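Chemist: Below is one structure. I have some questions about it.
The values are calculated or read from the model by the stated rules, or taken from the named source; none is laboratory data. All values reported here derive from a predicted model rather than from experimental measurement. Virtual Cβ from ideal backbone geometry, glycine too; neighbours counted across all protein chains shown. These area figures cover heavy atoms from the full protein model, side chains too; ligands, DNA and RNA do not enter into them. Shrake-Rupley method; radii C 1.70, N 1.55, O 1.52, S 1.80 Å.
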Amino acid sequence: MALSFLTSYGSFKSIYIKNNNYFNNVNQRIGYVSFLKKASLRTFFVAFFISLLTKIYQLILSFIILKKLPSNVVIPAELSPFADNRFSSCVIFIILASLGWGIYAVFIFSLGLFIKKNSIYLVLGAIVGTLLILIPGMFSRILTYGMYILLLPTLIAPGQMTFGILGGKHPNVYIGFLLSASIYLIFSLFLMYWWMVYKQKKG
């Protein structure tokens, strides 16, 4: 649900305009560059803030639930670099994950520029997201660290998932996130530029 909702909520209006005759009027008024810039920024910030608010809500809910648990209940320790019960770690994770969702939403928007069916675009984030989890996992033994950077959770849930062949150890979570974010942004910019050139040639 999140893979579909967060990636389409802020960008569906732009995709809908792009897929209809109304886009010609919009393009003549503001141009391709302005259209892509405004749509990308709106897509990023909507996904970022929805993710941010959702995670803050989850944090508050978890705090309330944990307060009500008996004192003798043992919570299993996790391998995540952010599972140290520090408030600063929670804040860093929430910010990084929300930024990651914004970047992933922009990536899906850039792919959606080549999708002519609005109904398909609504589930594009879930389809691509599933592939970006399965495929890196399948080829993780061949290009371990390369696949780890492409693995979607590295972007939208930094430090929460790794490959079994790494023995439960995480590569540096900040470097991994930075490289992953850079790759997804580069691909997004390339796809938007490619679409713009294609539309200009097509007229």
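Chemist: Could you pull out the residue among ILE64, ILE15, ILE60 that is open to solvent by less than 90 Å² (accessible area, probe 1.4 Å), in a helix (DSSP H, G or I) and without any contact (Cβ under 8 Å) to a residue 60 or more places away in the chain?
Modeler: Just one listed residue meets the conditions, ILE64.
Chemist: Taking the stated definitions as given, is PHE23 open to solvent by less than 90 Å² (accessible area, probe 1.4 Å), closer than 20 Å to TYR121 by Cα, modelled with pLDDT under 75 and not charged (D, E, K, R)?
Modeler: yes
Chemist: Something else about it: For residues that are at pLDDT 90 or above and in contact with a Phe, Trp or Tyr (Cβ under 7 Å, 6 or more places away or on another chain), scanning just the range 153-192, find the one that is most open to solvent (accessible area, probe 1.4 Å).
Modeler: PHE187
Chemist: Among the residues of the range 127-152 satisfying the criterion of being in contact with a helix residue (DSSP H, G or I) (Cβ under 6 Å, 6 or more places away or on another chain) and β-branched (Val, Ile, Thr), which is surrounded by the fewest Cβ atoms within 10 Å (Cβ to Cβ)?
Modeler: Only one residue tops the list, namely ILE133.
Chemist: I'm told ILE149 meets every condition in (1) touching a residue at least 24 places away in the same chain (Cβ under 8 Å); (2) outside any helix (DSSP H, G or I); (3) not charged (D, E, K, R) except one. Can you identify the failing condition by its number?
Modeler: The failed condition is (2).
Chemist: Can you tell me which condition ARG42 does not meet? The list is (1) of a type in the set (Lys, Arg); (2) under 24 Å from ILE186 (Cα atoms); (3) exposed (fewer than 14 other Cβ atoms within 10 Å of the Cβ), and all the others hold.
Modeler: So ARG42 meets the others, but not (3).
Chemist: Would you mind telling me which numbered condition in (1) part of a helix (DSSP H, G or I); (2) surrounded by 13 or more Cβ atoms within 10 Å (Cβ to Cβ); (3) in contact (Cβ under 8 Å) with a residue 40 or more places away in the chain VAL33 fails?
Modeler: (2)
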